[in-house]
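For reference, the structure discussed in these notes is given below.
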Amino acid sequence: MPALKIPAAERFAQLGLLAITALLLVGLGGPLAALLAQAFAQGGEAGSFAHFAAYLRSPALLSSLWNSLWVSALVTALVLPLAFAFAYGLTRSCMPGKALLRSISLLPLLAPSLLAAISLIYWFGNQGVAKAFWNALGFESIYGASGLVLAECFAVFPHTLMILVTALSLADARLYESADALGSSALRKFLTITLPGAKYGLISAALVTFTMVITDFGVPKVVGGDFNVLATDVFKLVIGQQDFQRGAVVALLLLTPAALSFGVDQLLLRRRQTAMLSARAVPLVPKPSRGFDALMFGYCTLIAALMLAMFLMAVYASFVTLWPYNLSLSLNHYVSGIIDAELGDALLNSLKLATGTALLGPLIVFLGAYLLEKTRGLAALRPLLRLLASLPMAVPGLVLGLGYIFFFNAPANPLHFMYQSGALLVLCTVVHFYTTGHLTMVTALKAIDAEFEAVSASLKVPFYKTLWRVTLPICLPTLIDVSRYFFVNAMTTISAVVFLYSPDMRLASVAILNLDEAGEIGPATAMAVLIVAVSAGVNCLYLLLGRWAQARTQAWRQR
């Protein structure tokens, strides 16, 4: 029998799938494989496990592992109830100012985690305005475990809050109506309906919080002091001691809890999605209650005030002439630090990285998600692409950046020319944040009726025409949201790029680290504040663009 001829459009789609898969293999699979090769490289008589054996014989490195674990667990235990109460106030009360309070709580998303650590130094450091209060609480110094825990709580709070707000927003009002009819108390409804209903969100938030803390690099680098954790150990071994093999071993240890958390989260996610298929929930609308609303408003206002205090301290300190001896306000730090040629170039480089990531990332994510969900063929390749699309969420930035060194710096690699280039920074950043964008686009694509593709296929319309005329207009608002996500994260990221920048391609977030190490905390603060200002300004532009896209999509649907 003659072989069936594959239509040109279908061949084009399959080539697209191959291209996306190849890109993720180069940007993710290759670096991880190179990292494994370094960690298991032959090491004398002990063979491939020599570097692991050496690690287990090092009390200092084992102490770092223990420090990372207990600090991450403590931050999770503190942030989870605080964020849950805040989310409960936003979703289950009629308190005023919800939009403003939620916006304030999300401020840390616009800043590198370094900003929280720097603010703590101004508040409770050796020359801090509230050092006496910190000492009265029983802490000798902000440098160490106490400062690390406090700064991490500030940095991860909005991420935990967003998950819990979503979980509490999915409540079924019918359950509460039935409980009211049975005369159940408020406490009983909370314990038997609210908590079980938010169980997945609580577990997912706990896993995300734990993973973010154990893999964070910026906060421990600034306020960790002599309190070592895995993230700083990787940096010291690779940059300070040039011990790449032991650095790879520690990176794998850093990868393990993140991968386990991701695996558990994925299993829970699948179960929850299955359970929601037959649900016919009625949205819960909170009822006014003067006492409860006042209590929630007071609590949320307190949390928002604490977050504003952290943020505004950094803004204020960036204008102080010489802390704490000359508190007059000036632009000295901005002039000496930002207008300086090298640091000005660092901010410009960050803008270039964020712009390139915001343009390239959504394009790759959208095409990958569309080709997976809306086309046919290459059935054997699709599971691999789905795995590669989901895996970046489980890979910490430090681990990915270290893998890029081993993979792209290898002389035998034909892609060696990309090492320490802007293109490599963009690729690393896109891959690092790929999973969230991919899941967002898949959700949007699944909301589009499959009949569009069926009708197009029956009329022999090429898939790319349907993509351009139907799918893209509908998904445009989501595409803009994904682009905003890439831009903000590219402006604030540090862990994935700290190993990859070159003297000609310094980034603003890395410049903050370098300035802090040099004792130039004023210019470092000014740079962090500028990153927030740029992120906030661009975020406002994205909001306007999103409204335009929503109006355009609505007009398209009405045609």
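The values are calculated or read from the model by the stated rules, or taken from the named source; none is laboratory data. Only a predicted model underlies this, so the values are computations on that prediction, with no experimental measurement involved. Don't worry about glycine lacking a Cβ; one is built from the backbone with ideal geometry, like all the others, and counts go over all protein chains shown.
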Let me spell it out: the conditions are (1) in a helix (DSSP H, G or I); (2) acidic (Asp, Glu); (3) more than 20 Å from Phe311 (Cβ to Cβ), and Asp504 meets all of them except one. Which number is the exception?
(1)
Note on Asn135: of the conditions (1) surrounded by 17 or more Cβ atoms within 10 Å (Cβ to Cβ); (2) assigned to a helix (DSSP H, G or I); (3) over 22 Å from the mean Cα position of the chain (by Cα), unmet is (1)
Ala9 vs. criteria modelled with pLDDT under 85, over 27 Å from Ala496 (Cα atoms), touching a Phe, Trp or Tyr at 6+ places or on another chain (Cβ under 8 Å) and surrounded by 15 or more Cβ atoms within 10 Å (Cβ to Cβ)
yes
If we keep just the residues of segment 411-437 that are among the aliphatic types (A, V, I, L, M) and closer than 15 Å to Leu360 by Cα, which is surrounded by the fewest Cβ atoms within 10 Å (Cβ to Cβ)?
Ala423
Restricting to segment 356-396, name every residue that is among the small types (Gly, Ala, Ser) and over 16 Å from Val26 (Cα atoms).
Gly356, Ala358, Ala369, Gly377, Ala379, Ala380, Ala394
Condition first: part of a helix (DSSP H, G or I) and over 19 Å from the mean Cα position of the chain (by Cα). Now tell me which residues in segment 405-438 satisfy that.
Ile405, Phe406, Phe407, Phe408, His416, Phe417, Met418, Gly422, Ala423, Leu424
Among residues of segment 517-527, those that are free of Cβ contacts under 8 Å to residues at least 24 places away in the same chain and in a helix (DSSP H, G or I), counted
1
Cross-chain or 6+ apart pairs with Cβ under 7 Å, segment 92-105 first and at pLDDT below 90, then exposed (fewer than 13 other Cβ atoms within 10 Å of the Cβ):
Cys94/Pro288
Could you tell me whether Tyr370 is of a type in the set (Ser, Thr, Tyr) and surrounded by fewer than 19 Cβ atoms within 10 Å (Cβ to Cβ)?
no
Please find, among Leu378, Leu329, Leu312, the residue that is within 26 Å of Pro158 (Cβ to Cβ) and of a type in the set (A, V, I, L, M, F, W, C).
Leu312
Checked segment 170-187 for anything in a helix (DSSP H, G or I) and surrounded by 15 or more Cβ atoms within 10 Å (Cβ to Cβ); matches are Leu175, Tyr176, Ala179
Given the criteria part of a helix (DSSP H, G or I) and free of Cβ contacts under 8 Å to residues at least 60 places away in the same chain, does Leu150 qualify?
yes
Considering only segment 23-57, state which residues are modelled with pLDDT under 75, surrounded by 15 or more Cβ atoms within 10 Å (Cβ to Cβ) and either under 24 Å from the mean Cα position of the chain (by Cα) or in a loop (DSSP other than H, G, I, E, B) (or both).
Gly43
Across segment 485-502, what is the total count of residues that are without any contact (Cβ under 8 Å) to a residue 60 or more places away in the chain and closer than 15 Å to Leu114 by Cα?
0
Go through the residues of segment 353-365 one by one and say whether even a single one is at pLDDT 90 or above and closer than 29 Å to Gln242 by Cβ.
yes
Selection count where residues are surrounded by fewer than 19 Cβ atoms within 10 Å (Cβ to Cβ) and in contact (Cβ under 8 Å) with a residue 60 or more places away in the chain, scope segment 288-305
8
Filter result for Leu202 (touching a helix residue (DSSP H, G or I) at 6+ places or on another chain (Cβ under 9 Å), hydrophobic (A, V, I, L, M, F, W, C) and under 29 Å from Leu36 (Cβ atoms))
no
When you scan segment 391-398, do you find a residue that is touching a residue at least 12 places away in the same chain (Cβ under 8 Å) and more than 20 Å from Leu439 (Cα to Cα), even just one?
yes
Leading residue by the ranking (farthest from Tyr485 (Cα to Cα)) among those in segment 88-117 that are touching an Asp or Glu at 6+ places or on another chain (Cβ under 7 Å) and either among the polar types (S, T, N, Q) or not in a loop (DSSP other than H, G, I, E, B) (or both):
Ser93
Only one of Ile142, Ile203, Ile121, Ile193 is in contact with a Gly (Cβ under 9 Å, 6 or more places away or on another chain), assigned to a helix (DSSP H, G or I) and of a type outside the set (Lys, Arg); which?
Ile121
Is it true that Ser113 is touching a residue at least 60 places away in the same chain (Cβ under 8 Å) and crowded, with 23+ Cβ neighbours inside 10 Å?
yes
Of the residues Asn539, Asn514, which single one is free of Cβ contacts under 8 Å to residues at least 12 places away in the same chain and polar (S, T, N, Q)?
Asn514
Scope segment 198-210; condition surrounded by fewer than 24 Cβ atoms within 10 Å (Cβ to Cβ) and β-branched (Val, Ile, Thr); matching residues
Ile203, Val208
Confirm whether Leu530 is out of contact with any strand residue (DSSP E or B) (no Cβ under 8 Å at 6 or more places or on another chain) and in a loop (DSSP other than H, G, I, E, B).
no
